Amino acid sequence: MQSASEKIQLTASQAACLHVLRDGVGSKTKIAIKAKLSLKAATATLRKLERLRLVKQSVRYRWQTTRRGQSCCVEVMPDRRRRLGGAATGKLAAGSGAGRLLDVLDRPMRSPDLAKRLGISRARVRQLIVMLLARGQLRVVDDEKNLHIVARIDDPTILLSRDEERILSVLPDECPTSAAKIRAATRVSAEREEAVLASLRANGLIENVEGPKGNTLYGLTAAGSEHPQRKESVVRAHPPPLKVQSDRVFAVLSHIAEKDEIRIKDVGDALEIPYQSMNSLMQYLKRSGLVGKIDHEFKAPYILTDEGHDTLAEMAARREKSSCV
């Protein structure tokens, strides 16, 4: 039996892979990224460590350390020749797959889009991405979890996680919406949603907006609307309900806005609404903060409040949108 203090000589690449495995990383792709190796080099290195009985393959594509690999002391020697996917570290060869990938990556892109533009398989794209990550020429949103979106190392665009991308994509273009409506559209948990919204807000992609009932709504900023990860072909979250929605209220608010200021009787006459009904409706709109008198006189005319103007504009926008569907 080997002693716990046995020393084993490993190359820098082998030692890096063993260290990553000791940290609990088991996916070959993640091992390659953490150890800064290509997939090809990582595969060869893992097989060498397996022959040394330091690691073993637990299930398909998953690796773990053996008891010996977990406890041994490692003496590191330089790699004989550091290779990344068959090409020595240095300038990429003209016309190489990795070079072509960098050339087309003029903005953050998804692996399937890269495969389509380059005319190669998704598996090959994945190999190239891992190799370029090892060379420090690409970055991803989180190399611990996924490679779903990649960017050149010098591209300043903020990369989003899958949940951040989903939430940014479902936000309506025209108006802010509530957290509940976002959850209904994305199926993201409330706890996760709160963290994602905070992250998107910190990165300037969304903004908080006060809702009609004093609640917090979330709307797109210009940067959020133009972000390359915001998908167009998704169902947007529904906007929150307005305080008022009826055609009659819309007609009343529109008429007041047109006249600037007007008395209850004149509104009722213009819209053919009985005075008693018109008076009740106006009092309701006043309690809702949508209209108000210009002074304290009993027969003073009414005007729209700022909230009334905002509500009218939102009602008009939603009607226009529904008529275009």
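The values are calculated or read from the model by the stated rules, or taken from the named source; none is laboratory data. What you are looking at is a predicted structure, and each value in this text was computed from that prediction instead of being measured. Neighbour counts run over all protein chains shown; Cβ positions are idealised from the backbone, glycine included.
Residues in the range 200-233 that are in a helix (DSSP H, G or I) and either surrounded by fewer than 18 Cβ atoms within 10 Å (Cβ to Cβ) or basic (Lys, Arg) (or both): 201, 202, 222, 223, 225, 226. Given the structure, is residue 301 touching a residue at least 24 places away in the same chain (Cβ under 8 Å), closer than 30 Å to residue 202 by Cβ and surrounded by 12 or more Cβ atoms within 10 Å (Cβ to Cβ)? Spelling it out, it is not the case that residue 301 is touching a residue at least 24 places away in the same chain (Cβ under 8 Å), closer than 30 Å to residue 202 by Cβ and surrounded by 12 or more Cβ atoms within 10 Å (Cβ to Cβ). Assess whether residue 249 counts as being of a type in the set (A, V, I, L, M), touching a strand residue (DSSP E or B) at 6+ places or on another chain (Cβ under 9 Å), surrounded by 16 or more Cβ atoms within 10 Å (Cβ to Cβ) and part of a helix (DSSP H, G or I). Against the criterion (of a type in the set (A, V, I, L, M), touching a strand residue (DSSP E or B) at 6+ places or on another chain (Cβ under 9 Å), surrounded by 16 or more Cβ atoms within 10 Å (Cβ to Cβ) and part of a helix (DSSP H, G or I)), residue 249 does not qualify.
State all residues of the range 167-224 that are touching a residue at least 24 places away in the same chain (Cβ under 8 Å) and of a type in the set (Lys, Arg); if no residue qualifies, say none. If the condition is that a residue be touching a residue at least 24 places away in the same chain (Cβ under 8 Å) and of a type in the set (Lys, Arg), then 181, 192, 213 are the ones that fit. Of the set (1) in the same structural domain as residue 27 (by TED's automatic domain parsing); (2) at pLDDT below 90, all apply to residue 71 but (2). For the range 252-265, residues that are within 19 Å of residue 288 (Cβ to Cβ) and not in a loop (DSSP other than H, G, I, E, B) total 8. So for the range 24-43 (the condition being assigned to a helix (DSSP H, G or I) and surrounded by fewer than 15 Cβ atoms within 10 Å (Cβ to Cβ)), does at least one residue qualify? Yes; the residues of the range 24-43 include at least one that is assigned to a helix (DSSP H, G or I) and surrounded by fewer than 15 Cβ atoms within 10 Å (Cβ to Cβ). Provide a single number: the residues in the range 152-199 that are farther than 18 Å from residue 224 by Cα and outside any helix (DSSP H, G or I). Total satisfying the criteria: 6. Tell me whether the range 266-283 contains one or more residues that are touching a residue at least 24 places away in the same chain (Cβ under 8 Å), within 47 Å of the chain's Cα centre (by Cα) and outside any helix (DSSP H, G or I). The answer is no, given that none of the residues of the range 266-283 is touching a residue at least 24 places away in the same chain (Cβ under 8 Å), within 47 Å of the chain's Cα centre (by Cα) and outside any helix (DSSP H, G or I).
Residue count for the range 38-51 satisfying the condition of being at pLDDT 90 or above and touching a strand residue (DSSP E or B) at 6+ places or on another chain (Cβ under 7 Å): 4. Criterion applied to 243, 286 was being modelled with pLDDT under 90 and either more than 26 Å from residue 209 (Cβ to Cβ) or surrounded by 12 or more Cβ atoms within 10 Å (Cβ to Cβ) (or both), and the one residue passing it is 243.
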